[in-house]
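Chemist: Here it is, the structure in full.
The values are calculated or read from the model by the stated rules, or taken from the named source; none is laboratory data. Predicted, not measured: the structure shown is a model, and the values here were computed from it. Glycine also receives a Cβ, built like all others from the backbone with ideal geometry; neighbour counts cover every protein chain displayed.
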Amino acid sequence: MNRKDYDRIRAAMMPGASEHDEQAALIDWCRLNEGAYPQLKWIMAIPNGTYTTRASAVKAILEGVKKGVADLFLPYPNFVLDNDYYALYSGLWIEMKSKTGQVKPEQKAFVKDMRVAGYAAEVCRGFDAARLLILAYLEGSYRPSKEGVWRNDEVEGMG
């Protein structure tokens with residue numbers, strides 16, 4: 001881990017970190033862990049809400065950008081199987097939020113619809129929640145949260 005990666009991950013752990021800081025730290029963590037989890041090389045950001053001008057927003061909408069689509073997607077299917085639960089997921093959608101960020105109705109609808117379509121989908125409040133979600137998903141211990149908002153206590157004890 002270089003100093004820049006360390007600083008970005010550390011900044012995301014500070015109180016008041018922005019959604020951008022949290023997501024950038026998560027992407028750094030994914031890059032650093034591709035050796036252990038090669039699937040992470042395919043995690044991608046969905047550029048919703050990153051317009052600099054009205055013209056660029058109109059162009060993005062014409063090209064198919066949609067309100068509510070989650071921030072990150074891991075296009076890796078995974079099978080979860082244990083004694084009392086089994087599921088096949090087509091991929092993992094993550095809506096990143098800062099610890100105080102508000103989830104919009106269209107984001108809630110997207111998470112719900114993706115679950116119906118066979119994907120794992122969650123809202124994550126911060127870097128650590130998203131990191132633990134990804135680990136649970138890749139290691140086969142993922143269980144959908146009740147409200148579609150992943151919390152650190154959903155996977156207490158995971159590292």
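Chemist: Taking E95 and the conditions (1) surrounded by fewer than 17 Cβ atoms within 10 Å (Cβ to Cβ); (2) touching a helix residue (DSSP H, G or I) at 6+ places or on another chain (Cβ under 9 Å), which numbered condition does it fall short on, given that it satisfies the others?
Modeler: Failing condition for E95: (1).
Chemist: Just to check your reading of the model, which residue among A117, A87 is of a type in the set (A, V, I, L, M, F, W, C) and modelled with pLDDT under 95?
Modeler: Criteria check complete, one pass: A87.
Chemist: Just one of D82, D5 is over 18 Å from Y119 (Cβ atoms), charged (D, E, K, R), surrounded by 12 or more Cβ atoms within 10 Å (Cβ to Cβ) and at pLDDT below 95; which is it?
Modeler: Result of the check over D82, D5: D5.
Chemist: Would region 79-93 turn up any residue that is touching a Ser or Thr at 6+ places or on another chain (Cβ under 9 Å) and of a type in the set (A, V, I, L, M, F, W, C)?
Modeler: Yes: region 79-93 contains one or more residues that are touching a Ser or Thr at 6+ places or on another chain (Cβ under 9 Å) and of a type in the set (A, V, I, L, M, F, W, C).
Chemist: Checking A129 against (1) within 19 Å of A17 (Cα to Cα); (2) in contact (Cβ under 8 Å) with a residue 40 or more places away in the chain; (3) not charged (D, E, K, R): exactly one of these is not met. Which one?
Modeler: (2)
Chemist: OK, next. Please go through region 60-105 and give me each residue that is small (G, A, S) and under 19 Å from W42 (Cβ atoms), ordered by number.
Modeler: Of everything in region 60-105, those that are small (G, A, S) and under 19 Å from W42 (Cβ atoms) turn out to be A70, S90, G91.
Chemist: Give the residues of region 42-53 that are out of contact with any helix residue (DSSP H, G or I) (no Cβ under 8 Å at 6 or more places or on another chain) and either among the hydroxyl-bearing types (S, T, Y) or in a helix (DSSP H, G or I) (or both), sorted by residue number.
Modeler: Those that are out of contact with any helix residue (DSSP H, G or I) (no Cβ under 8 Å at 6 or more places or on another chain) and either among the hydroxyl-bearing types (S, T, Y) or in a helix (DSSP H, G or I) (or both): W42, T50, T52, T53.
Chemist: Restricting attention to region 19-31, does a residue exist that is acidic (D, E), surrounded by fewer than 18 Cβ atoms within 10 Å (Cβ to Cβ), modelled with pLDDT of 85 or more and touching a helix residue (DSSP H, G or I) at 6+ places or on another chain (Cβ under 9 Å)?
Modeler: No, that holds for no residue.
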